[in-house]
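To start, the structure under review is shown below, and the notes come after it.
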Amino acid sequence: MAGTLAEKVWDAHIVRRGTDGAPDLLYIDLHLVHEVTSPQAFEGLRLAGRPVRRPDLTIATEDHNTPTLDIDRPIADLTSRTQIQTLRNNAAEFGVRLHSLGDADQGIVHQVGPQLGLTMPGLTVVCGDSHTSTHGAFGALAFGIGTSEVEHVLATQTLPLAPFKTMAITVDGTLPPGTTSKDIILAIIAKIGTGGGQGYVLEYRGEAIRALSMEARMTICNMSIEAGARAGMIAPDETTFEYLKGRPHAPEGADWDAAVDYWRTLRSDDDAVFDAEVVLEASDLEPFVTWGTNPGQGLPLSARVPVPAEIADENERVAAERALEYMGLEPGTPLRDIPVDTVFIGSCTNGRIEDLRSVAKVVQGRRKAESVRVLVVPSSARVRLQAEAEGLDKIFLDFGAEWRNAGCSMCLGMNPDQLAPGERSASTSNRNFEGRQGKGGRTHLVSPLVAAATAIRGTLSSVADLGADVVPPDGSPLTDVRGDLQHA
Amino acid sequence: MEKFSQHTGVGVPLRRSNVDTDQIIPAVYLKRVTRTGFEDALFAAWRGDPEFILNQDAYKAGSVLVAGPDFGTGSSREHAVWALKDYGFRAVLSARFADIFRGNSGKQGLLAAQLAQEDIELIWKVLETVPGTEVTVDLAAKLVHCADVTVPFQVDDYTRWRLMEGLDDIGLTLQHEAEITAFEASREAWRPRTLPAKHLPPVEIVAARPVVRTGDDALV
């Protein structure tokens with residue numbers, strides 16, 4: 001029978017098929033663990049006297065709470081320190097591999113899996129973190145779970161899961177200069193809404209998706225959750241295989257050949273039926289920014305702040321009024337006129353080496369706007385090392401930015417990297433919720449290119465706003481930043 | 001897990017849509033390593049506002065939250081469910097729930113009952129007209145009663161059965177351990193293992209330091 005990519009991966013993992021409305025029991029290939037959502041799960045195991053069933057399919061890293069300065073000193077925040085120490089104790093007690101602060105493989109969990117070659121096509125991947133959808137970029141079925149489910153996977157390496165619906169999101173055409181995969185996903189979320197993907201696994205396809213690098217694909221799948229989706233997926237292809245080959249945990253020899261043979265079958269059949277379909281034209285896209293307090297409240301940068309009185313739907317109107325009040329924005333203001341205090345470049349959405357390269361290309365040889373604080377936080381220690389090997393750190397420092405150690409950082413402000421009340425940021429992260437980046441902080445979600453241009457001009461800006469002189473010293477296009485994190 | 005068949009308690013009208021889990025419990029409270037004691041963290045950012053619904057005497061002791069659509073979106077944090085439960089909520093009624101939140105609720109014995117938005121509006125009216133009105137959520141009959149309003153709600157059959165029986169998920173799954181072991185024997189060799197760990201050569205990571213600024217370059 002014809003099947004979609006998601007259905008194929010699901011079917012290959014059914015340990016026990018549910019009957020009478022009971023969910024299927026699915027096997028989990030890879031379980032990623034971090035310090036925030038795991039302590040209570042390990043506590044549950046201990047109370048029940050249960051071991052971790054498969055430590056060899058489990059890997060932990062410290063990311064949400066970790067400071068990005070002074071990482072060789074004791075963590076100043078006592079509760080953060082306790083949580084990280086708890087993970088270290090649990091990993092030692094249960095035999096789980098852990099990459100701690102200061103280790104070269106430490107970093108945001110969704111960067112660490114791919115860079116080690118643990119994330120592969122056709123896997124089921126879970127983590128107690130909603131942005132686990134990132135790993136879907138490889139053609140894995142990857143989704144966030146709650147702490148009870150973390151405990152369930154630790155104890156059984158399986159999860160009982162209710163069936164999902166499938167949605168095809170086809171992005172045709174070619175991205176215009178100055179736009180990135182971040183603009184694609186922000187446009188998709190603005191189109192279908194923060195609840196539009198609920199109950200669905202999204203499959204991104206089409207010419208514009210195929211043309212993206214692995215890292216750009218990760219940005220799209222990462223934000224599937226912001227459309228409410230269970231997961232986002234992209235069928236694996238040569239780009240995927242090329243990224244994986246030679247990574248520390250990638251299959252070798254005959255195993256590699258067998259894997260690639262199987263991975264080539266992981267695509268939706270031509271006659272597969274999706275429960276819903278959405279089509280987007282990439283060549284129509286402009287840089288997108290959010291103006292409100294959920295990721296669906298986004299518009300092209302050339303637009304103006306919406307006027308709530310013009311919104312017909314009552315719920316949406318009230319939500320817009322509340323958002324504008326929180327954001328301190330006047331209806332009708334051109335988005336380009338909004339000044340920001342902080343530019344944050346980082347997170348599991350846009351903190352990878354290609355993101356840092358694209359920012360560096362824009363800011364090289366320039367100075368940031370006086371009034372703006374610029375934070376550059378690589379998604380992992382390896383990304384930081386590579387950026388330094390390429391001299392990007394010097395470019396950022398000369399620009400006036402701060403160059404930090406790896407972690408989730410200001411994306412969610414669990415460490416000291418936070419916005420002050422009323423402070424406004426342009427952020428390459430994934431959520432503009434009230435208080436997300438610090439109590440009272442105001443967040444505009446943007447692409448790395450928009451973040452870079454905004455840091456230069458001080459107001460929300462695209463690269464085009466910088467004028468015709470934005471040609472990187474090597475003369476290559478701004479978006480020509482391909483080349484994965486070194487792994488050979 | 002405690003069995004849940006019917007619950008009656010004060011209804012709390014929360015006229016907001018898209019209440020994400022960062023609003024239910026801000027990230028700063030996620031640093032705790034315990035499983036209980038999150039009641040002070042529930043809606044922490046809004047609790048400072050004296051007008052906020054839970055700061056009004058009539059609603060303080062509420063145990064049935066009646067919220068706008070798209071409740072529980074965003075972060076997967078299960079702490080959102082713990083905070084609602086620790087505060088005293090037993091059920092949340094909404095026209096639409098985020099998937100992860102709904103799943104987390106079912107595992108913790110918090111009922112996420114899905115109603116039509118127009119029925120939510122009817123209940124909101126009653127609760128706002130007569131603050132302190134009790135709401136009865138009847139899981140056996142899949143009905144909500146509030147004053148003279150009686151409306152149906154949806155919950156999937158499996159979650160309903162588990163809630164009514166008070167069954168623990170891990171225990172249920174481990175009844176099938178032989179099938180899990182058989183499945184494991186059939187997994188292909190290429191599928192990754194995290195152990196033994198493979199690495200690139202270790203490299204020392206240099207700690208970034210705070211930037212000290214002086215004069216014209218000082219940060220505001």
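Figures for the structure shown
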| quantity | calculated |
| --- | --- |
| Total charge dipole magnitude, the range A:1-145, about the Cα centre, Cβ charges on Lys, Arg, Asp, Glu only, Debye to nearest 20 | 400 |
| For A:CYS221, B:CYS146, order by how many other beta-carbon atoms lie within 10 Å, fewest first | B:CYS146, A:CYS221 |
| Sum of side-chain charges, B:GLY132 neighbourhood, beta-carbon under 14 Å (Lys, Arg +1; Asp, Glu -1) | -2 |
| Contour minus Cα-Cα distance for A:ASP270 and A:GLU321 (0.36 nm per residue) | 13.9 nm |
| Rough spin-label spacing in nm, given labels placed 7 Å along Cα→Cβ, for B:LEU167 and B:GLU188 | 3.3 |
| Cα gyration tensor category, rounded, prolate or oblate, for chain B with a/c compared to 1.5 | oblate |
| Amide H partners (placed H, <5 Å) of A:LEU98, local residues excluded | A:ALA60 |
| Cβ-based exposure ranking for B:ASP99, A:ASP465, B:ASP70, A:ASP398, in which fewest neighbours within 10 Å come first | A:ASP398, A:ASP465, B:ASP99, B:ASP70 |
| All lysines inside 27 Å of B:LYS3 as judged from Cα atoms, apart from same-chain residues fewer than 8 positions distant | B:LYS60, B:LYS85, B:LYS107, B:LYS142 |
| Equivalent ellipsoid, the range A:5-277 (semi-axes from 5 times Cα gyration tensor eigenvalues, Å) | 30, 22, 19 |
| Mean-position separation - Cα centroids, the range A:228-255 and the range B:1-53, in angstrom | 39 |
| In nm, spacing of pseudo-spin labels at B:GLU134 and A:ARG88 (7 Å Cα→C-beta vector) | 5.2 |
| Interchain or long-range residues, amide H under 5 Å from A:ARG16's placed H | A:LEU25 |
| Packing-based exposure ordering (other Cβ within 10 Å, fewest first) of A:THR119, A:THR19, B:THR133 | A:THR19, B:THR133, A:THR119 |
| For chain A, size of Cβ-based charge dipole, Lys and Arg +1, Asp and Glu -1, in debye | 920 |
| Per-pair calculated FRET efficiency, R0 = 45 Å: A:ALA312 and B:LYS198 via Cβ, rounded to 0.05 | 0.20 |
| Where only alpha carbons of the protein assembly as shown are counted, the Rg and the Dmax (Å) | 24.2, 74 |
| Three-way shape label, the range A:334-466, alpha-carbon gyration tensor, a/c 1.5 | oblate |
| Extension gain (nm, one decimal) between B:GLU39 and B:ASP156, 0.36 nm per residue minus Cα-Cα | 39.4 nm |
| Rounded if a/c under 1.5, otherwise prolate or oblate - the range B:1-106, Cα gyration tensor axes | rounded |
| Long-range HN-HN contacts of A:ALA142 with modeled amide H, under 5 Å | A:VAL125, A:GLY136, A:GLY232 |
| In nm, spacing of pseudo-spin labels at A:LYS165 and B:ALA147 (7 Å Cα→C-beta vector) | 3.4 |
| ³J(HN,Hα), Karplus 6.51/-1.76/1.60, whole Hz, each residue of the range A:406-415, x for Gly, Pro | 6, x, 6, 6, 6, 3, 10, x, 7, 9 |
| Backbone HN-Hα couplings from phi across the range B:178-195 [Karplus 6.51/-1.76/1.60, Hz, Gly and Pro as x] | 4, 5, 5, 4, 5, 4, 4, 5, 9, 6, 5, 5, 6, 5, x, 10, 7, 10 |
| Residue-count net charge about A:PHE288 - beta-carbon cut-off 10 Å; Lys, Arg +1, Asp, Glu -1 | -1 |
| Loop-resident sites, the range B:81-177, for GluC sites (Glu not before Pro), counting at most 10 other Cβ within 10 Å (DSSP) | none |
| Chain A: Lys pairs at Cα distance under 30 angstrom, eight or more positions apart or on different chains | 17 |
| A:GLU207/B:ARG15 FRET efficiency (R0 45 Å; Cβ-Cβ; nearest 0.05) | 0.55 |
| Residue among A:PRO23, A:ALA91, A:VAL33 farthest towards the positive dipole end of the protein assembly as shown, charges placed on Cβ | A:ALA91 |
| Cα centroid separation, the range A:38-72 to the range A:286-323 (Å) | 39 |
| Selection from A:PRO306, B:LEU122, B:SER76 lying farthest towards where the dipole of the protein assembly as shown points positive, charges on Cβ | B:SER76 |
| Listed residue (A:LEU392, A:VAL362, A:PRO287) projecting farthest to the positive dipole end of the protein assembly as shown, Cβ model | A:LEU392 |
| Cα-based Kirkwood hydrodynamic radius, the range A:141-220, one decimal, Å | 14.8 |
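Quick note: the coordinates plus some simple rules give every number you see, no bench work behind them. This one's a predicted model, so the numbers in the text were calculated from it and none came from an experiment. Here Cβ is always computed from backbone atoms with ideal geometry, including for glycine, and neighbour counts include all displayed protein chains.
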